[in-house]
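Undergrad: Below is one structure. I have some questions about it.
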Amino acid sequence: MDYKIALIPGDGIGPEIVREARKVLDKVCEKYHHTFSYSEVLLGGASIDVHGVPLTEEAVETAKASDAVLMGSIGGDAATSPWYKLEPSKRPEAGLLAIRKALNLFANLRPAYLYNELRDACPLRDEIIGDGFDMIIVRELTGGLYFGERKTYEEDGVRTAVDTLTYNEKEIRRIAVKAFEIARKRGNKVTSVDKANVLDSSRLWRSVVEEVAKDYPDVTLEHMLVDNCAMQLVRDPKQFDVILTENMFGDILSDEASMVTGSIGMLSSASLNETKFGLYEPSHGSAPDIAGQDKANPIATILSAAMMLRYSLDLDKEADAVEAAVQKVLTQGYRTGDIMSDGCKLVGTKEMGDLIAQTV
Ligand code: IPM
Ligand code: MG
């Protein structure tokens, strides 16, 4: 089959890790007789450098005309990069939020799975790890604090800043439905995370999630306060199957969950709309401190490409092959610096990509 893929290398380590993911996809094409045609799209700092803005209308149109979008990472070092001298709405991150909104990517899926091979890289004690864990964070991505009205002003010489957190029941319902549907294909449990002891938006969240749960009597629902969830993720991560939560909480908890799996360099993500279309990106950032040094772990991006094959292109067999190749290369003992442990073989970004591509 022929597919159109929009590629967003982005900033920092983005271009390097996307290059490796593309290598793996090229191998998939060769082996399974598909053709992927790629269009490169500028986003974030890369777009600011060329167009003066972090996202152009043309970039959105190219993404919309594709079957799926594969992205690296965006952003730079806020202390030193000239991008951060621009007003906030012109900075790299604003481009990422704008493309999520423009493509209506409300459902962000972030699986956090502990590879047995990476037990040594996991910061938790052996008795907590037990026989491992496997959860997925379903994060609402186009609402909440990220998209509420914000302003900074001065009143009587006192500087004040306001961000607003708004959710309506439709936004909550559609992401809750996604979480329950996903739970049905996994462990049949949803943990909905909120701050209902303080926030009105969380109280509405909780009641809408309970309404949705009535259509899924086979799925167990539990509610958990976000501070408790942050604690439970390191105390007993095995208890989680699907974690359903709003935008900001999901941002924070997904970084935590990824570190529990050994490295943020392993965590893939899919951002989906109501159709099959999605944007796939690693959950980690652009790591400008190691950019261009062949040190970055490309696995999160390669696993994001596997999610793209599965969710947007319906190529399950091919996705399985990529995931199995990652597993096999880890079993063979190859590691990038972030997941390195004694007795393993240290490799760079390119070699890790080559090894996985060869194994597909
Ligand atoms: C993420 C990132 C983004 C977010 C940033 C870069 C705006 O941290 O995808 O988790 O907060 O959503
Ligand atoms: Mg984040």
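Undergrad: Could you sort the peptides 33-40, 3-10, 296-303 by per-residue average Cβ neighbour count (10 Å cutoff), highest mean leading? Kindly include the intermediate steps, with their values, before the conclusion.
TA: Values: 33-40: 13.1, 3-10: 22.4, 296-303: 28.2.
Answer by packing, highest mean first, reads 296-303, 3-10, 33-40.
Undergrad: Between Q293 and E211, what is the spin-label point distance in nm, taking each point 7 Å from the Cα along the Cα→C-beta axis?
TA: Result: 5.1 nm between the two label points.
Undergrad: Test of understanding: ordering F180, F277 by Cβ neighbours within 10 Å, fewest first, what list do you get? Write out the running numbers ahead of the final one.
TA: Numbers: F180 22, F277 19.
By the 10 Å Cβ count, ascending, the order reads F277, F180.
Undergrad: A follow-up question, please. Rounded to the nearest 5, what % of the DSSP beta bridges within the chain are antiparallel ones? Present the calculation step by step, with values, prior to reporting the outcome.
TA: On the way: 19 of 48 bridges.
Approximately 40 percent, going by the DSSP bridge assignments.
Undergrad: Can you give me the Cα centroid spacing of segment 1-17 and segment 162-218 in angstrom?
TA: One Cα centre to the other: 32 Å.
Undergrad: Then there is this: Spelling out what I want: for every residue of segment 318-330, take phi, set θ = phi - 60°, compute 6.51 cos²θ - 1.76 cosθ + 1.60 (Karplus), and round to whole Hz; glycine and proline get x.
TA: Working through the residues one at a time gives 5, 4, 4, 5, 5, 5, 5, 5, 4, 4, 5, 5, 5 Hz.
Undergrad: Which lysines, if any, have their Cα less than 22 Å from the Cα of K317, not counting same-chain residues under 8 positions apart?
TA: In chain and number order, the partners are K4, K23, K27, K31, K185, K276, K328.
Undergrad: Can you give the FRET efficiency to the nearest 0.05 for D126 and H33, using r as the Cβ-Cβ distance and R₀ = 45 Å? The partial results should precede the final answer.
TA: Values: r = 45 Å, r/R0 = 0.99.
According to the calculation, E is roughly 0.50.
Undergrad: Then there's this: List the aspartates and glutamates whose alpha-carbon lies under 19 Å from that of K350, not counting same-chain residues fewer than 8 positions away?
TA: D11, E16, E20, D26, E281, D289, D294, E323, D338
Undergrad: Enumerate the lysines that K151 could reach by cross-link, defined here as Cα to Cα under 24 Å, with residues fewer than 8 away along the same chain left out.
TA: The reachable lysines, counting only those whose Cα sits under 24 Å from K151, are K85, K90, K101, K195.
Undergrad: As a test of the formula, what do you get for the chain when each DSSP H run with n ≥ 4 contributes -39,500 (n - 2.57) and the sum is divided by the residue count, at 222 nm and rounded to the nearest 500 deg cm²/dmol?
TA: Values: 12 runs with 143 residues, N = 360.
The helix-only estimate for the chain comes to -12500 deg cm²/dmol at 222 nm.
Undergrad: Run the simple label-point estimate for D200 and L346 please: 7 Å along Cα→C-beta, distance reported in nm.
TA: 5.5 nm
Undergrad: Which value in nm describes the separation of the simple spin-label points at N188 and E149, placed 7 Å from the Cα toward the beta carbon?
TA: Those two pseudo-labels are separated by 4.7 nm.
Undergrad: Right, here's the next one. For a test of the definition: using alpha carbon positions, the gyration tensor, and the 1.5 limit on a/c, classify segment 123-259 as rounded, prolate or oblate. Provide the component values of the computation, followed by the final result.
TA: Values: a/c = 2.62, a/b = 1.45, b/c = 1.80.
It comes out oblate by the Cα gyration axes.
Undergrad: Could you derive backbone 3J(HN,Hα) for segment 74-89 from the dihedral phi with the Karplus parameters 6.51, -1.76 and 1.60 (θ = phi - 60°), listing whole Hz in sequence and x where the residue is Gly or Pro?
TA: Result, rounded to whole Hz: 10, x, x, 7, 4, 6, 10, 6, x, 4, 8, 8, 6, 5, x, 6.
Undergrad: Just rank M266, M1, M352, fewest to most, by other beta-carbon atoms within 10 angstrom. Let's see the in-between values first.
TA: Numbers: M266 28, M1 12, M352 25.
Lowest to highest Cβ neighbour count: M1, M352, M266.
Undergrad: Per-residue HN-Hα couplings for segment 224-233, Karplus 6.51 cos²θ - 1.76 cosθ + 1.60 at θ = phi - 60°, whole Hz, x for Gly and Pro?
TA: 9, 6, 5, 5, 5, 4, 4, 6, 4, 4
Undergrad: Okay, next question. Give the order of R125, R310, R119, R91 when sorted by the count of other beta carbons within 10 angstrom, beginning with the fewest. Before the final figure, lay out the partial values.
TA: On the way: R125 7, R310 19, R119 14, R91 22.
Result, fewest neighbours first: R125, R119, R310, R91.
Every number in this text was worked out from the coordinates using simple rules, so none of it is lab data. Only a predicted model underlies this, so the values are computations on that prediction, with no experimental measurement involved. Note: ideal-geometry Cβ built from the backbone for every residue, glycine included; neighbour counts use all protein chains shown.
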